[in-house]
Every structure is written in C-alpha cells, then in structure tokens.
1. Can you pull out the residues in the stretch 50-72 that are of a type in the set (V, I, T), surrounded by fewer than 21 Cβ atoms within 10 Å (Cβ to Cβ) and touching a helix residue (DSSP H, G or I) at 6+ places or on another chain (Cβ under 8 Å)?
2. S112 versus (1) surrounded by 15 or more Cβ atoms within 10 Å (Cβ to Cβ); (2) at pLDDT 85 or above; (3) not acidic (D, E): which is the lone unmet condition?
3. Return the pairs, sorted by first residue and then second, in which the second residue is not in a helix (DSSP H, G or I), the first residue lies in the stretch 38-57 and is more than 16 Å from G123 (Cβ to Cβ), the beta carbons are less than 6 Å apart, and the residues are 6+ apart or on different chains.
4. What are the residues in the stretch 31-41 that are at pLDDT 95 or above and not β-branched (V, I, T), if any?
5. Against the conditions (1) assigned to a helix (DSSP H, G or I); (2) farther than 21 Å from L126 by Cα, where does M94 fall short? Just the number, please.
6. Can you tell which of S75, S80 is over 30 Å from Q107 (Cα atoms), surrounded by fewer than 17 Cβ atoms within 10 Å (Cβ to Cβ) and touching a residue at least 40 places away in the same chain (Cβ under 8 Å)?
Amino acid sequence: MILSPTAALDRITGGRGIMAIKYSMVSVVGVVLGVTQLTIYSQFLGFDPVLSNVLSVMITAIPAFLLNKRWVWGSDGRISFTREIVPFWVFTGMGLALSTGLVAAAQTLSDSHVLVVSANLAGFGLLWVAKFVFLDKIMFGHLDPDSDSDPDRAAAGGAKAS
C-alpha cells in the first residue's frame, strides 16, 4: 500500500494532516519573525541576547496566536481570555522560560549569534509537538467551525462573530 504524503500525514495525525501542515506553516512564520527580531535586537540594536529573546517571543506570540486560532483551527468566534489567551500564554511562557534559559547558557559559552539563535529554536522546538496536541485537543480542536458547539458563537445566537 502506497500512501500519498498527505494520506501518510493524516494517518500519523489521526486525520489532522492538513491542520498539522498549517500549524507547521504558522510555526515557520513564527520562527522567521522571532529570529528576525532576535537578530535586530541583539545584533543591530545591541540589546542583551536574553532581553532580545524575551522581546522577540512576546511580540511574535500575538500573530502566532491569531494565525493558529483563525487559520489553522478555523475559529472565528470571539477570543476567550480564560479558555484561549491564558492557556496559550502559559505555553508561550514555558517556551520563553526554556528558550531564555538556553539563550543565557549559550551566551555564557560564546558570543556567537548562531549559538544564541540555535538555543532559542531548541527551546521552542522541544515544546512544538506538545503545543500542537494541546491546541488541537484542548483549546481549538474541539470547535467545529460548521456547528454551534463553539460557546462564543452559541452565546451570539449561533451567528459567526467577525
């Protein structure tokens, strides 16, 4: 039996292949935004690498959240502070803590910007799969964009919020 790449991915992800691809694409956007900011702050503006890492993570988390909610999981309802923002920031905070610790360690080892960027990426890479499972199973995945199971939409009388 020969499977297409999408069929193989669907088999691995339990039918969530396209979603996994979209999540990966959002992650690539996040990495590009984060590394670009990290480089600008630390290399061009002369900020401390740890401060640069914190700033880049905090700023990049905003478009990452919105892209995951709206594009990956197709949820266009109101944003729930307790059900969405808090859990997303908890994961972001875990990635921030891990990546910042690794960036600080890298900074003590070398002045290499490549090592600092690698430490940042390693911190978030370690949480990447766990975050997909969390977003899919707990935060956004339970919402079917074609049903009224979204509590935000149900509260608005079943109409999709803009």
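1. Those that are of a type in the set (V, I, T), surrounded by fewer than 21 Cβ atoms within 10 Å (Cβ to Cβ) and touching a helix residue (DSSP H, G or I) at 6+ places or on another chain (Cβ under 8 Å): V50, V54, I59.
2. Status for S112: all satisfied but (1).
3. These pairs meet every condition: Y41/F47.
4. L33, Q37, Y41
5. Among (1) assigned to a helix (DSSP H, G or I); (2) farther than 21 Å from L126 by Cα, M94 violates only (2).
6. So the residue among S75, S80 that is over 30 Å from Q107 (Cα atoms), surrounded by fewer than 17 Cβ atoms within 10 Å (Cβ to Cβ) and touching a residue at least 40 places away in the same chain (Cβ under 8 Å) is S80.
The values are calculated or read from the model by the stated rules, or taken from the named source; none is laboratory data. Everything quoted here is computed from the prediction, not taken from an experiment. Glycine also receives a Cβ, built like all others from the backbone with ideal geometry; neighbour counts cover every protein chain displayed.
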